[in-house]
Each structure stands twice: as C-alpha cells, then as structure tokens.
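See structure below.
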Number of protein chains: 2
Amino acid sequence: MSAAGVRARVRAEMTEEIKTVARRHLATDGANLSLRAVARDVGMASSAVYRYFASRDDLLTALIIEAYDAVGDTAEAAADQPAGGDADRFLALAHAVREWALADPHQWALIYGSPVPGYQAPQDTIGPATRVIFKIAAIVEAAYRAGQIAPGPEPTGRYAEELAAVAAQFGPDVPPRLIGAALSAYFQLIGAISAELFGQLNNSVDEDRRGFFEFQMRGAAAFIGLP
Amino acid sequence: MSAAGVRARVRAEMTEEIKTVARRHLATDGANLSLRAVARDVGMASSAVYRYFASRDDLLTALIIEAYDAVGDTAEAAADQPAGGDADRFLALAHAVREWALADPHQWALIYGSPVPGYQAPQDTIGPATRVIFKIAAIVEAAYRAGQIAPGPEPTGRYAEELAAVAAQFGPDVPPRLIGAALSAYFQLIGAISAELFGQLNNSVDEDRRGFFEFQMRGAAAFIGLP
DNA sequence: GCCATAACGAGAGCACTGCTCTTGCTTTTC
DNA sequence: GAAAAGCAAGAGCAGTGCTCTCGTTATGGC
C-alpha cells in the first residue's frame, strides 16, 4: 500500500513486541527464557517467531544489544551531569550504572555475567559494549588534558604497548598508564556490582551497600588520580 | 558384610563417579549440562541418578562446593609459599587463582558467574565460598600486626559499622578500613578474572593479559597498603 | 489489473530435557 | 529366614528448540 509497505511496518512492530515480551520474561526467568513461552504470550505459534529471529540465541543477541545501549545511555547521561570535579563525574556514572543494574539484575547478568553456554557474541554487540568504558576513558582524558592528573610512572612490558595502542584512539599523547587505570576502574565497577548482585556480599555488608560501593569507587578514582 | 557395609561403599564410589563425569560435562557444556547425558556416560538410567542427587540443582550444588574448595586450596597454597613481602603473597595468590580459572573457565563461571536462574545457593556453599577472601584478609591482618601497614583515615557511615563487625572476627583491634580494602581487593580479583574470561578484554589487551592482570593487582595491593 | 513471488502464521513432528512413578531385584537388618 | 529398605530400569508426562509442510496474504513487475 504505502511507500513503506504495510508488511514492513507490521514486521517492525511485531519484532518490537516480541522483544518487549522477551524482556519481560527475562526479568523473571533470566537468560534461559523459553521462546515458546514468549510466543504464547505474544499470541502466536512458536514457529512463527522464527520468521523474526533465526534462533533463540538471535533473540538474546537483540536483547543484549539493547541492554548495552541502555546501560550506555545511563552512564553517559550521569557523567554529563554538571558535577564538582572529574572524580564526581566518575562517581555519578558508577552510581547510575549500579542503580540500573539493581533495577534489572537479569539484564545485567545477560551482558556482564557468565556467557550463555555455546553462545558466541556476534560482531554487532562489540560496538554498544564499549560505551561505558569509553565514557570513563573520556572523563579521564578530559581531566588529563586539563592538567588535573599528576604524572606518574608509566608501566612497562608488552601489555603497556597494547594499552598505548588503545590510548592512541583518544589522542596523540595520552599516557597508557591512564588507559590502564581507566580500564581497571571499569572492571572494578563491573566487579563490584556483579559481586553485590550475585550474592558475594551476603553476610558481610547487608545494609549500606551503596556506601560500601562508594568506598570502592572512590578507591578506583584515586587509583586513576582523579581530583 | 563389612562393618562399613558394601552398599555404603558402592554408593560413595557411585556418587563420586557421577560427580566426575558431571565435572567433565561441565567443562564442555557449562552449567546447562544434561543430567540424562551424564547418566548415559556413567552407564545407568537417568532415573537412577536421582537416587544419588535429588535434582539437577543438587548435582550442581555438589560441583559448586567442590569448585569453591578447589579454588580455596589453590589460593591458600599460593599464599603460604615463602615470598618477599606481604604484597608478594597477595600477588602469588592472585596469579594462582587466575591460572586456576583459566584452566577451567566453566568451573569459574559456576561459582563467580551469574547464578543459574531459579537456583538458590544452599547453606552448605557459604562456608567454602569464603575461603579466598578469608585468606586475603589473613594476609592483610598479618601485615597489620607486623606494623607494615601505615595507618590511614577510617571510613564513616553505616557500612563502616558492618565492616567493623566483620573485622571483629579477626581480632579485637583490626581497623575496619583494612577489611574494606581486603574485600575490595577480593572483588577486584574476581572482577579482573571474570572480565578476562567473559570476553570483556577482547580487542584491547589480547597478548599480555597476565601483565595487565598484575598491573591491576598491584593497584589493589597498593590500595590496601601492602608493602 | 493481473499474477507469480515472496513473506507469513499455524500445525505437526523430531529429538531432547528434568522429573516422577511403578515394577522387579538385591542387600541389609532383625 | 523373613521383613524392610535401598537400588536400577523403564515408561511416561510436560516442557524445550527447531524444522518442515501447507494454506493464506501482501508485494512488485508486467
């Protein structure tokens, strides 16, 4: 009918509805959601879903990309908020990511937990996956350019060269040490949240987990040298 | 027949064989191993396995406990090796744990990855689960008793009180700050290994991951204040 | 406007899963 | 030696991912 085509529009809507229902199932069943159950909720035969997603893994991949983008949005928005210093920007980012994870633990587990067995992340995911670390690196780089970070000893060894290659993406003279520190802070962020979500904190810090998280993230910021 | 009973001995052997085969399947299929496939490999009907493990989750729980004990053994052995300083003991522990994880990623994912959906960790697991962090805390405490750790500002807030309660388990006057730092270092250890294993390091540090891991763990040791 | 083509939804079916129940058999216990 | 308890096997149930076939419906070239 129309230029866009009725079928194309219906297809897009259908795809979106399947993903929405799947996301709802993800929140209750985790990564082992049932494609058949999703199909039942959508109101179509399970075989019809395969017109939209080639396999259950393909459906999960779509959800993974959306999750990466959601956490990326969250992180970038929080970091762009006006804040006192660069350390505060990092802390705001960290708290925002943590709260996003607490609001939907299964979605967090989907992207930062153990990979689904037999699942191989396709190329499409690597772009959105890097948004949080890139934002952290951007904060660090900005602080460095502003002369806020004191110089320190540069690492040596082969990994330092690899860090230098990554650092080159940010500019001609970014010290590899800072990229290493940013990467380390990123992993501390993920590790701290995962530890809390996956129950590693039980029976030690149960009440003020937010406070302990901030304690850890302040350590990470100090490691980078953020003011 | 014998005092122990033939049946009891056969039962113990059978239980062990099922676990051994299951561990082998774990290495290839991950946490979604099939109880039926395990039964086939052992050479018995799937229903017979239920005489030994009440459910598939029960089997996994047994494997989880063994995995916690294995990594606990590894960590303790490495830390008890004679070393230059306390930082070296921590680094030895960290490298040993990392190598254990690299040797059997699925076993690592089983205990430090996202929890299997619907699976609730029973009480039996919390004992073995704490061995690594307790060993780290012991290293920190020993260094503190020996006067090797410089005093620093103590944290405030509710989480500090919770840390103090944990610190009391180690002695009357262990600063909560050190317990917090030890806990943070433990999560950095887990986070760094998980990040490497779950593919977060791809396309940034690919060659000298051991070197970058050491860089991170030196940061953690410095955060504690280990000499 | 017609019509071949492609997309689509539904149903049946395959091989698999965790788990239960029943049915015989063997070991232990009294 | 008999009763009781432990054990292995098979059938069966409800569920899974995925494939194939078969009518139906929208699309694009003529």
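The values are calculated or read from the model by the stated rules, or taken from the named source; none is laboratory data. Keep in mind that this is a model prediction, so the values were computed, not measured. Counting neighbours? That spans all protein chains shown, and the Cβs are built from the backbone with ideal geometry, glycine included. Heads up: the accessible areas ignore ligands, DNA and RNA and are worked out on the full protein's heavy atoms, side chains in. Shrake-Rupley method; radii C 1.70, N 1.55, O 1.52, S 1.80 Å.
Answer yes or no: is there a residue in region A:49-72 that is within 30 Å of residue A:147 (Cβ to Cβ) and away from DNA strand D (no atom under 16 Å from the Cβ). Yes, the conditions are met somewhere in region A:49-72. Summed over region A:193-210, the residues that are facing chain B (nearest Cβ under 7 Å) and in contact with a Lys or Arg (Cβ under 8 Å, 6 or more places away or on another chain) give a count of 2.
The listed residues are A:160, A:181, A:167, and the only one of them that is within 11 Å of another protein chain (Cβ to nearest Cβ) and surrounded by 23 or more Cβ atoms within 10 Å (Cβ to Cβ) turns out to be A:181. Selection of helices (runs of 4 or more DSSP H) fully inside region B:123-227 by the criterion of at least 3 residues being at pLDDT 95 or above returns B:131-145, B:158-167, B:176-197, B:209-224.
Residues that are touching a residue at least 12 places away in the same chain (Cβ under 8 Å) and either basic (Lys, Arg) or open to solvent by 50 Å² or more (accessible area, probe 1.4 Å) (or both) were ranked within region B:74-98; the one that is farthest from residue B:138 (Cα to Cα) is B:98.
The residues of region B:29-62 that are among the hydroxyl-bearing types (Ser, Thr, Tyr), touching a residue at least 12 places away in the same chain (Cβ under 8 Å) and part of a helix (DSSP H, G or I) amount to a single one, B:61.
When every residue of region A:47-60 is checked against the conditions, at least one turns out to be at pLDDT below 95, of a type in the set (Asp, Glu) and open to solvent by less than 60 Å² (accessible area, probe 1.4 Å).
Any residue in region A:76-86 that is more than 17 Å from residue A:218 (Cβ to Cβ) and within 13 Å of chain B (Cβ to nearest Cβ)? Scanning region A:76-86 turns up no residue that is more than 17 Å from residue A:218 (Cβ to Cβ) and within 13 Å of chain B (Cβ to nearest Cβ). Counting the residues of region B:148-157 that are more than 10 Å from chain A (Cβ to nearest Cβ) and small (Gly, Ala, Ser) gives 2. Per the conditions (1) at pLDDT 95 or above; (2) within 13 Å of DNA strand D (Cβ to nearest atom), the sole criterion not satisfied by residue A:9 is (1).
Could you please let me know if residue B:21 is near DNA strand C (Cβ under 8 Å from one of its atoms), open to solvent by less than 80 Å² (accessible area, probe 1.4 Å) and not in a loop (DSSP other than H, G, I, E, B)? It is false that residue B:21 is near DNA strand C (Cβ under 8 Å from one of its atoms), open to solvent by less than 80 Å² (accessible area, probe 1.4 Å) and not in a loop (DSSP other than H, G, I, E, B).
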